[in-house]
Amino acid sequence: MLTTIGFDADDTLWQNEEFFRLTQDRFAALLADAAAPGHLQDRLLAAERRNIGHYGFGVKGFTLSMIETAIEVTGGKVSGAVIGEILAAGREMLEHPIHLLPHAREAVSRIAADYRVVLVTKGDLLDQERKLAQSGLGDLFDGVEIVSDKTPEVYRAVFARHGTGADQGLMVGNSLKSDVLPMLAAGGWGVHVPHGLTWALESAEPPQDSRRFHSLPDLSHLPDLVENLSR
């Protein structure tokens, strides 16, 4: 029996990764004289991986990782002007308008009519609050959780706080690593809705032997799946 449905936010309800990709292109252009785009991307990804434990997920950590990478690839000779451009790019990401993904509003609205719904997202607190406010979806959620990471323990706590436990909860999102696998480990249902762009650090293989795992092409199929699972 399902009582509570959890939604991821970035790249599940609204666009997010495309803005990171555009900023990476801008970063590559700024550092074109110091590093080839492929090499720069590898160094940036390595910096992000190192820094997640310090800065967490989101734009601010990404911006700091770009600055660190610029210092590395230039041997400490990066100019103040380039650092200023990187900081400006980060600020622009934090001000970018929200673009809802297809079927997001309809899916949340239909499910909220019969189930408890909770938003579970990770990233910068102020940025996630801004995006939720601009999305126009905020009033549909019974709870909002902005967490530092998504683990089985986090999902157990969230679905106990807002529902009747993870075993009667379902989490839907674009990331197998963050939205699906830890929710399955917590005893719940996990629904993968792929997005065309996925951050390399969120890549994972789909579970092969879990009866509580489902994959959908888009959110328009989610209300019917939830109803079928609840029968």
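The values are calculated or read from the model by the stated rules, or taken from the named source; none is laboratory data. Source: prediction; values computed, not measured. FYI the Cβ positions are ideal-geometry reconstructions off the backbone, even for glycines, and counts take in every protein chain you see.
Observations on the model:
- Taking the range 147-171 as the range and being among the basic types (K, R) and surrounded by 20 or more Cβ atoms within 10 Å (Cβ to Cβ) as the test, the residues that pass are K150, R156.
- Residues of the range 11-25 include at least one that is in a loop (DSSP other than H, G, I, E, B), at pLDDT 95 or above and of a type outside the set (D, E, K, R).
- Test: residue in the range 21-37 that is in contact with a strand residue (DSSP E or B) (Cβ under 8 Å, 6 or more places away or on another chain), closer than 20 Å to T198 by Cβ and not assigned by TED's automatic domain parsing to the domain that holds L137: no
- Within the range 153-182, residues that are touching a residue at least 24 places away in the same chain (Cβ under 8 Å) sit with their Cβ atoms under 7 Å from residues that are of a type in the set (D, E, K, R) and surrounded by fewer than 19 Cβ atoms within 10 Å (Cβ to Cβ), at 6+ positions apart or across chains, in these pairs: H162/D142; S175/E202; K177/E202; S178/E202.
- Test set (1) closer than 23 Å to E202 by Cβ; (2) touching a Ser or Thr at 6+ places or on another chain (Cβ under 7 Å); (3) without any contact (Cβ under 8 Å) to a residue 60 or more places away in the chain; (4) not β-branched (V, I, T) - M93 fails condition number: (3)
Every residue, every condition in (1) polar (S, T, N, Q); (2) surrounded by 14 or more Cβ atoms within 10 Å (Cβ to Cβ); (3) within 30 Å of L170 (Cα to Cα), yes or no:
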{"residue": "E18", "(1), (2), (3)": "no, yes, yes"}
{"residue": "L22", "(1), (2), (3)": "no, yes, no"}
{"residue": "R50", "(1), (2), (3)": "no, no, no"}
{"residue": "F57", "(1), (2), (3)": "no, yes, yes"}
{"residue": "K60", "(1), (2), (3)": "no, yes, yes"}
{"residue": "V73", "(1), (2), (3)": "no, yes, no"}
{"residue": "V78", "(1), (2), (3)": "no, yes, no"}
{"residue": "I86", "(1), (2), (3)": "no, yes, no"}
{"residue": "L94", "(1), (2), (3)": "no, yes, yes"}
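- Annotation: H54 fulfils all but one of (1) out of contact with any Gly (no Cβ under 9 Å at 6 or more places or on another chain); (2) assigned to a helix (DSSP H, G or I); the unmet one is (1).
- Among the residues here, G123 qualifies as in the same structural domain as W189 (by TED's automatic domain parsing), surrounded by 18 or more Cβ atoms within 10 Å (Cβ to Cβ) and more than 20 Å from T3 (Cα to Cα).
- First in the range 20-36 and more than 23 Å from K60 (Cβ to Cβ), second anywhere and outside any helix (DSSP H, G or I), Cβ under 8 Å, 6 or more apart: A34/T74; A34/V78
- Number of the exception - V144 against (1) in contact (Cβ under 8 Å) with a residue 60 or more places away in the chain; (2) surrounded by 14 or more Cβ atoms within 10 Å (Cβ to Cβ); (3) within 17 Å of the chain's Cα centre (by Cα): (1)
- Among the residues examined, G84 qualifies as assigned by TED's automatic domain parsing to the domain that holds G53 and more than 24 Å from V226 (Cβ to Cβ).
- The set of residues in the range 176-231 that are of a type in the set (S, T, Y) and at pLDDT below 95 comprises T198, S203, S210, S230.
- Residues (surrounded by fewer than 21 Cβ atoms within 10 Å (Cβ to Cβ), of a type in the set (S, T, Y) and in a helix (DSSP H, G or I)) located in the range 175-231: S220, S230
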